[in-house]
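First comes the structure, then the notes that go with it.
The values are calculated or read from the model by the stated rules, or taken from the named source; none is laboratory data. None of these values were measured; they are calculated from a predicted model. Neighbour counts are summed over all protein chains in view; Cβ atoms, including those assigned to glycine, are modelled from backbone coordinates with ideal geometry.
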Amino acid sequence: MSEILVENLNRLWASLIVDELCQQGHINFVVSPGMRNAPLLAAIIDHSKAVLFNGVDERAQAYRALGQTKAAGKASVLVCTSGTAVANYYPALLEAHQSNHPLIVLSADRPPEMVWGHANQCLPQQQLFNSDLVANFNLPVPTEEILPNMLRRQIVSLLNANRQSPLHINLPFRGSLDANGPAPSKSYIDLAEKSFGQASQLEFSCLKELTSESIEKLKSIFSNERGLLVVGSLLPWQEKTPLENFCQQFKGPKYLDVESGLKYQFPLSSGSLPTFDHAEVFNAIDKNPPQYILHLGGKCVSKHYYRFLEEHPEITLISVNTSSLREDPSAGVNFHIPLAPSTFCAALSATFKELNSKDLGLEEVSKAVEKKQQIIENSPASYPYLTKYIIENFPTDHDLYIANSTVIRSFDSYAHQDGQKNIKTLAHRGVSGIEGLISAAFGYAEISKRPTLLVLGDLSALHDLSALHQLTNSKVPLKVIIVNNSGGGIFSLLPIEGKSELKEAMIMPHNIKFSPMREVLGLDILEAQNKLSFESGFLKLARSVGPAIIEVFLDNEVNCQIYRQLKTVEL
């Protein structure tokens with residue numbers, strides 16, 4: 001029986017990599033002697049599936065591995081120490097490339113500080129081979145910051161991308177190369193042991209349509225009692241009707257990301273959940289987690305959704321998305337189905353007339369939401385208040401463009417008890433920057449010809465200040481709400497310890513007002529100092545035909561105090 005080596009991080013990572021290779025069918029390890037590759041050699045020797053082939057000459061070993069690959073139909077794995085050892089593989093790798101044969105190289109390396117200092121037996125071997133001929137991937141020095149599942153998924157992803165070509169994985173080791181400590185943390189070892197001995201499956205990865213075989217597999221998964229439907233970001237032009245129908249068809253809890261464009265159509269009474277960033281929601285699901293999660297579309301705004309997935313690797317996670325990016329921040333995806341979510345839902349709806357799932361014991365969530373709404377309504381103006389008011393009074397013929405930072409998190413956190421709001425939402429969650437939002441919203445509105453409401457913070461507005469000039473003498477129906485809390489307020493909500501100078505550098509407090517620019521730009525810029533003036537200005541904004549701007553001022557300390565108060569609400 002295979003054993004996972006846990007004496008130190010070097011050995012643990014080596015065990016995980018060797019185990020994943022073996023689980024994927026790459027069991028022949030053609031190795032050469034050395035000290036730097038000792039963790040890899042120990043992992044191979046201790047794995048019951050691994051077959052060890054020793055040899056001194058790396059050049060000969062590489063051709064040996066190529067011959068094995070031709071016979072087995074699965075790439076053999078070359079393992080060597082650092083320095084010129086790996087360079088001797090080049091002739092066989094060239095042959096493998098030119099003949100469309102896979103070969104896998106695992107080269108041990110010294111840590112970067114030794115490479116940079118030109119220590120003995122060092123060379124920059126992470127890019128030693130021409131990338132047009134050999135796929136090169138440089139792993140970091142083993143660290144607990146990268147979860148075991150994430151490491152294994154990366155190996156699988158590399159294997160899948162190089163099924164008929166050579167692959168070089170370079171692994172630098174720092175510290176102990178033998179069985180001496182220090183040992184990894186118990187929590188990290190526990191996660192590693194859970195993944196050990198099981199292949200990281202990414203089934204259906206080449207699927208173009210739902211086959212009878214894949215439907216049977218899904219039936220088996222959906223037969224579990226407890227499921228959760230998650231809809232992440234969807235492209236604005238994607239057809240959403242099949243997803244809307246499927247959300248109604250799914251009789252169980254569902255979490256709809258704000259960028260899905262479906263969030264406000266499904267109230268709490270329909271089984272919809274607020275964001276995982278609500279502590280009471282996270283804790284309730286954490287106590288009674290689902291057995292499977294069906295995730296349609298791209299990533300979600302909530303970072304705690306991904307924390308939940310990291311803490312529950314036992315959950316079967318099905319991802320349905322056509323993105324070329326491997327959107328799997330938690331390294332939890334078991335099955336990836338590369339179909340458009342609408343196509344998948346239409347096919348699934350024809351097969352499953354209804355999908356039933358238990359409610360996961362979340363009946364009390366709506367009571368917590370009600371308490372939070374009372375706090376918001378009885379407090380001065382804040383981000384939660386602005387979000388609540390805008391959604392509840394949103395004009396039916398408008399689209400909503402949401403900026404990043406606190407703004408999008410606030411809109412993602414909003415939850416309503418009942419009623420439906422069909423609001424098309426747009427955002428910038430690719431790299432989640434705060435620049436260019438006024439320009440992008442302007443471009444969207446001028447082409448779509450639809451009234452568009454942009455909500456952004458003061459720093460986002462400063463980053464795209466020149467774009468306000470575009471609104472001058474323009475008939476583009478862009479309405480802008482600038483939330484001015486005198487700096488990067490989101491950092492005030494984070495538990496940052498340190499000198500006041502550090503916080504000031506992060507928050508960049510300022511006394512800038514945008515409303516005086518009405519004289520320069522000739523734009524209608526309203527000021528709102530409190531709830532009453534904001535509500536009055538919002539009604540004018542909604543009725544305006546052309547561009548209009550409201551600058552609403554928030555006291556950052558009051559805003560933070562309200563957030564702290566909302567966090568005290570429990571189920």
Answer yes or no: is there a residue in the stretch 322-334 that is modelled with pLDDT under 90, surrounded by fewer than 22 Cβ atoms within 10 Å (Cβ to Cβ) and not in a loop (DSSP other than H, G, I, E, B). yes
Applying the selection to the stretch 273-291, what residues are crowded, with 22+ Cβ neighbours inside 10 Å, in contact with a strand residue (DSSP E or B) (Cβ under 9 Å, 6 or more places away or on another chain) and not aliphatic (A, V, I, L, M)? P274, T275, F276, P290
Look through I408, I402 and report the one residue that is in contact with a strand residue (DSSP E or B) (Cβ under 6 Å, 6 or more places away or on another chain), touching a residue at least 40 places away in the same chain (Cβ under 8 Å) and within 30 Å of K287 (Cα to Cα). I408
Only one of (1) more than 26 Å from Y385 (Cβ to Cβ); (2) at pLDDT below 85; (3) of a type in the set (F, W, Y) fails for F442. Which number is that? (2)
Mind checking which pairs have a first residue in the stretch 467-483 that is within 12 Å of I550 (Cβ to Cβ) and a second that is in a helix (DSSP H, G or I) and of a type outside the set (F, W, Y), Cβ under 6 Å, 6 or more apart or different chains? K479/L541; I482/A461
Residues to consider are L171, L151, L158, L93; find the one that is assigned by TED's automatic domain parsing to the domain that holds E20, surrounded by fewer than 18 Cβ atoms within 10 Å (Cβ to Cβ) and of a type in the set (A, V, I, L, M, F, W, C). L158
Given the residues V369, V455, V365, which is the only one that is closer than 24 Å to L523 by Cβ and either aromatic (F, W, Y) or surrounded by 15 or more Cβ atoms within 10 Å (Cβ to Cβ) (or both)? V455
Please enumerate the residues belonging to the stretch 241-265 that are crowded, with 22+ Cβ neighbours inside 10 Å and not in a strand (DSSP E or B). L243, F246, C247, P253, D257, V258, E259, S260, G261, L262, K263, Y264
Residue that is modelled with the lowest pLDDT [pool: residues in the stretch 510-548 that are closer than 28 Å to Y563 by Cβ, surrounded by fewer than 16 Cβ atoms within 10 Å (Cβ to Cβ) and not charged (D, E, K, R)]: H510
Taking V520, is it over 37 Å from the mean Cα position of the chain (by Cα), among the β-branched types (V, I, T) and outside any loop (DSSP other than H, G, I, E, B)? yes
Where residues in the stretch 110-142 are part of a loop (DSSP other than H, G, I, E, B) and within 27 Å of the chain's Cα centre (by Cα), which of them is nearest to S99 (Cα to Cα)? L139
Scanning the stretch 549-561 for residues that are under 18 Å from Q374 (Cβ atoms) and crowded, with 22+ Cβ neighbours inside 10 Å gives N559
Residue match in the stretch 146-160 (condition: basic (K, R) and touching a residue at least 12 places away in the same chain (Cβ under 8 Å)): yes
The conditions are (1) farther than 16 Å from A542 by Cβ; (2) surrounded by 21 or more Cβ atoms within 10 Å (Cβ to Cβ), and S405 fails exactly one of them. Which is it? (2)
Would you mind finding the one in L41, L12 that is closer than 24 Å to P112 by Cβ, crowded, with 20+ Cβ neighbours inside 10 Å, under 33 Å from the mean Cα position of the chain (by Cα) and of a type in the set (A, V, I, L, M, F, W, C)? L12
Contact list, first residue from the stretch 525-541 and at negative phi, second anywhere and among the basic types (K, R), beta-carbon distance below 8 Å, six or more apart or interchain, is I525/R518; L526/K540; L541/K479
Please work out which one of (1) buried (at least 19 other Cβ atoms within 10 Å of the Cβ); (2) in contact with a strand residue (DSSP E or B) (Cβ under 9 Å, 6 or more places away or on another chain); (3) over 18 Å from L541 (Cβ atoms) is the condition A440 fails and give its number. (1)
For the stretch 276-321: of the residues being part of a loop (DSSP other than H, G, I, E, B) and small (G, A, S), which is farthest from the chain's Cα centre (by Cα)? G297
